[in-house]
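Worksheet for the structure shown next.
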Amino acid sequence: MTLPNFLVIGAQRAGTTLLHVVLEAHPEVYVPYQRKEVHYFDWYWDRGADWYAAFFPPGDQAGRYRAIGEATPDYLFESDVPERIGETCPDCRFIVSLRNPVERAYSSYLYARRSYNERRSFEEYIEQQPEVLQRGRYSEQLSRYFARFGEDAVLVLVFEELLRAPADHLGRLARFLGLTAAWPNPEALLGRQVNDSRAPYFAATFAAARKLGNVLLRHDLNWPVRVAKQLGIPRWFGSEKTKLKMSEATRAHLEQLYADEICDLESLLGRDLSVWRAERSVSQGELASPDLRG
């Protein structure tokens, strides 16, 4: 039975899909082709390790790879997950991508509008779904992993810094995973990320299609979703630039709300996060592929 030796655990809407694309491009790394987010340790824990192992290469093929893992960004947030991972993969290593929590929350809202036809205002959305803001309180979530596995087992990347200096940060990633070679052209690999947000023309129909896709995945019907993506069916719905922007008052409120959290995170990590204070991160200029934020 082959189980992962690394996991990309979050944060949601902070670049985990981009990391999945990067990892998938390296010949020494295996990530599942059936689906990007396996969700074993949160949604499917009762299915057992044999079900999970089916997503990874069998023993006679696993030796081709130095790193075998998957990316499920909800693992960071769900409090039961670290203990479950410890029971199943005690020597696992973890990759975390963190994003300015204000921008992460707004990206979550834009994703809900684009994918699930969310019609509430951003202010109503975060008021009625407090989990959206709670997900940006990274220090508590990371502390669970540090306590269970130790700080050396966790590589923390800052999304905004990754975009600015991809070679440096992908080099750190390669060393962390024990790869013998770095990515040959990190700038080209990450060069398509910044663009305007887009929304489907037929929002309600697109939302229904996404919900159907989620139902199929929940029942292990991975292939119809995979084929639909390969055929480019999501593009059939068309897209248009979204003109939505967070209000300055709401932004100021959220910056104040997260001020202490960012200080706590700096203390926990022993690193400077002024990139989240000095200037506004990628937000209204979202990634070209709407899912690359993870």
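The figures follow:
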{"item": "Where a residue in the stretch 54-72 is in contact (Cβ under 8 Å) with a residue 12 or more places away in the chain and its partner, wherever it lies, is among the basic types (Lys, Arg), with Cβ under 7 Å and at least six apart", "result": "Ala71/Lys36"}
{"item": "Selection from the stretch 168-184 of residues that are in contact with an Asp or Glu (Cβ under 9 Å, 6 or more places away or on another chain), exposed (fewer than 14 other Cβ atoms within 10 Å of the Cβ) and over 20 Å from Pro4 (Cβ atoms)", "result": "Asp168, Ala181"}
{"item": "Any hit, the stretch 1-12, residues being aliphatic (A, V, I, L, M), surrounded by fewer than 24 Cβ atoms within 10 Å (Cβ to Cβ) and farther than 24 Å from Leu162 by Cα", "result": "yes"}
{"item": "Flag if Glu83 is part of a loop (DSSP other than H, G, I, E, B) and at pLDDT 95 or above", "result": "no"}
{"item": "Residue in the stretch 98-137 that is farthest from Glu261 (Cα to Cα), counting only those that are of a type in the set (Lys, Arg) and outside any helix (DSSP H, G or I)", "result": "Arg119"}
{"item": "Selection count, the stretch 28-44, where residues are exposed (fewer than 15 other Cβ atoms within 10 Å of the Cβ) and at pLDDT 95 or above", "result": "1"}
{"item": "Failed condition for Asp272, given (1) touching a Leu at 6+ places or on another chain (Cβ under 8 Å); (2) assigned to a loop (DSSP other than H, G, I, E, B); (3) modelled with pLDDT of 95 or more", "result": "(1)"}
{"item": "Flag if Asp152 is outside any loop (DSSP other than H, G, I, E, B) and surrounded by fewer than 18 Cβ atoms within 10 Å (Cβ to Cβ)", "result": "yes"}
{"item": "Test result for Ala25, surrounded by fewer than 22 Cβ atoms within 10 Å (Cβ to Cβ) and farther than 18 Å from Leu189 by Cβ", "result": "no"}
{"item": "Total residues in the stretch 113-130, condition under 25 Å from Ile9 (Cβ atoms), of a type outside the set (Phe, Trp, Tyr), out of contact with any Leu (no Cβ under 8 Å at 6 or more places or on another chain) and touching a residue at least 12 places away in the same chain (Cβ under 8 Å)", "result": "2"}
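The values are calculated or read from the model by the stated rules, or taken from the named source; none is laboratory data. Computed from a predicted model, the values in this text were never measured in an experiment. Methodologically, a virtual Cβ is constructed for each residue, glycine included, from the backbone with ideal geometry; neighbour enumeration extends over all protein chains shown.
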